[in-house]
Structures are given as structure tokens and as C-alpha cells.
Amino acid sequence: MYGTKMVNRMSPAFKRVPAIDKCFAILDLLARSKEPLGVSDIASRLGLNKSTVFNIGHTLDDLKVIENQGDGKYIFGTRFYVLSNMAGGRSPFMKTVHPYLEIINEKTKLSAFLGVRSDRRAILIDKVDSAYGVKVSSEIGTQMPVLAGAGIKAMLSQLSDEQIDEILDRTELKRFTPYSIVDKRAYKNEILQVRKDGIAYDREEYIEGMVAFGIPIRAYGKNVQAAIWAVGLSSQITKDSLSGITELLGGIREEVNCRIR
């Protein structure tokens with residue numbers, strides 16, 4: 001069954017909410033499972049009605065705590081990653097990726113970030129930004145503006161052409177700097193180039209004077225697009241260091257994607 005009844009040691013006015021017990025039982029089951037689970041799987045393992053699991057699942061999906069992969073099976077969503085990191089813990093996905101953020105930061109002296117896509121935004125879920133003279137930092141949970149930066153380009157490169165078109169159709173590209181790409185056809189071509197090369201660039205397009213490199217990486221779930229990106233001042237990037245950064249990130253992309261199946 002989904003859980004044992006706890007002894008009520010609180011005020012007599014306290015009334016336990018069964019729906020919350022069931023909600024956390026579902027989250028606990030997903031955390032312990034090595035594979036995504038559907039409504040029938042969850043209901044069977046926890047002894048719950050399918051309708052109960054269906055309604056709780058859809059509510060948690062709407063809150064982005066869990067996400068339906070599209071095949072009826074659930075995985076943890078973007079909000080879960082943000083909350084778990086802010087609470088001091090990391091999911092298996094973040095535990096796999098975090099050491100690579102440290103490597104990027106150490107070898108390039110650039111700030112390294114991990115994020116996942118939420119519609120047209122990139123949500124920052126982990127970072128390593130130890131100071132090496134100049135520190136570029138953002139807080140965990142920060143949402144990058146609509147289609148801004150190398151991270152979201154890397155994430156969008158994992159989508160189909162039709163999905164990219166759908167997102168661009170309902171988006172007005174904003175000019176953040178004189179270098180921002182505001183033409184939709186040019187922006188899509190940029191994403192398609194990322195798909196081909198395996199690396200995204202932000203050439204002062206989001207913040208003037210700052211550049212970024214992004215690599216698309218797998219996450220645990222086919223409907224979750226993730227990316228690692230490294231950010232620094234344009235003055236930090238020389239012609240000699242550019243090829244080294246690109247090679248380093250390319251190797252990390254391949255290694256991470258081999259480890260995350």
C-alpha cells in the first residue's frame with residue numbers, strides 16, 4: 001500500500017490530508033524507480049485507484065514537478081530539479097553532470113551552468129562559478145528570458161523542425177543587444193547549425209560584452225531537453241583559447257550523453 005498511517009500527535013483540530021500522503025507516495029516511488037512509470041504501474045505498486053493516480057499525476061505535471069514523456073509515463077520535471085537543488089540535494093541526473101561543470105570551470109575559468117527547457121525558457125538547475133578573477137553568476141532557479149543565450153539554443157536543437165517552428169511562430173524575438181538575432185529564419189538556421197555541430201554560441205547576443213558556449217545533453221526522459229553552457233566576458237576568450245574550449249565541451253557532450261541513457 002502507499003503508506004502506513006501515522007499517529008496523530010498534533011492538536012485534536014488537526015486533520016490529515018490523504019491526498020498529500022498519496023502525492024508524496026507517488027513522488028517517493030518515482031524517486032526509487034530506475035525507469036519512468038505510468039498510471040497503471042503506480043496504481044498497482046501503491047494500491048491506489050487509477051483515477052486517483054491520474055488526477056494527482058496531471059496536477060503534478062501541471063506544476064512541472066513531474067512530466068509526462070508523451071507515452072503516458074512520468075519522470076521528474078523542471079520544478080523538481082530546481083527545488084531539490086535549492087534544498088541542498090541533487091537528482092541522479094545532476095550528480096552525473098555536476099563534476100563536468102567543475103571541469104569546465106577549472107579548465108576554462110568560465111562559469112558553468114546546467115539547465116533544462118521549460119517551453120521557451122532555460123531554467124538554471126545547477127552551477128559552478130568559482131571566482132577566477134572575474135565571476136559570472138546566476139542563482140539556481142533563474143529563468144533565462146525567451147530564446148536568450150546559448151543554453152536555450154542547445155536545448156531547442158534537440159527538438160524536431162516542426163517543434164522549433166511552433167515555438168518560433170508564437171514568439172517575438174527580442175533585441176537584447178545590437179548583436180541579438182531577431183530574424184526568425186536566421187534564428188532557426190542557428191539552431192539547425194547547433195544540431196549539426198553539437199555546440200551553440202552566444203556572441204554577445206544576450207548581454208553585451210559577454211559570450212557563451214552551450215552543448216545539448218540528454219536528460220532522463222525523452223521530453224526533457226537539457227544543456228550545459230559556459231559563460232564569460234568576451235575579453236576572456238582569445239583565438240587561441242576558442243578551439244580549446246570548443247574541443248573540451250565537445251568531449252564532455254559525448255561523455256555525458258554516453259553516461260545518460
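The values are calculated or read from the model by the stated rules, or taken from the named source; none is laboratory data. Quick caveat, the model's predicted, so the values are computed rather than measured. Cβ placement follows ideal geometry from the backbone for every residue including glycine, while neighbour counts extend to all protein chains displayed.
Annotations
- The set of residues from the stretch 236-253 being within 11 Å of Phe213 (Cβ to Cβ) and of a type in the set (Lys, Arg) comprises just one member, Arg253.
- Number of the exception - Val194 against (1) farther than 12 Å from Pro216 by Cα; (2) surrounded by 16 or more Cβ atoms within 10 Å (Cβ to Cβ); (3) of a type in the set (Val, Ile, Thr): (1)
- Residues being at pLDDT below 95, among the β-branched types (Val, Ile, Thr), assigned to a helix (DSSP H, G or I) and surrounded by 13 or more Cβ atoms within 10 Å (Cβ to Cβ) are entirely absent from the stretch 130-145.
- For Ser118: the one exception among (1) closer than 19 Å to Ile191 by Cα; (2) under 11 Å from the mean Cα position of the chain (by Cα); (3) buried (at least 21 other Cβ atoms within 10 Å of the Cβ): (3)
Okay, residues lined up against (1) at pLDDT 70 or above; (2) in contact with a Gly (Cβ under 8 Å, 6 or more places away or on another chain); (3) surrounded by 18 or more Cβ atoms within 10 Å (Cβ to Cβ):
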position: Gly72; (1), (2), (3): yes, yes, no
position: Ile75; (1), (2), (3): yes, yes, yes
position: Met86; (1), (2), (3): no, yes, no
position: Ile104; (1), (2), (3): yes, no, yes
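- Arg259 satisfies every condition listed in (1) more than 26 Å from Pro36 (Cβ to Cβ); (2) surrounded by fewer than 18 Cβ atoms within 10 Å (Cβ to Cβ); (3) among the charged types (D, E, K, R) except (1).
- Residue selected from the stretch 6-42 under the condition modelled with pLDDT under 85 and under 22 Å from the mean Cα position of the chain (by Cα), by the criterion nearest to Lys73 (Cα to Cα): Pro36
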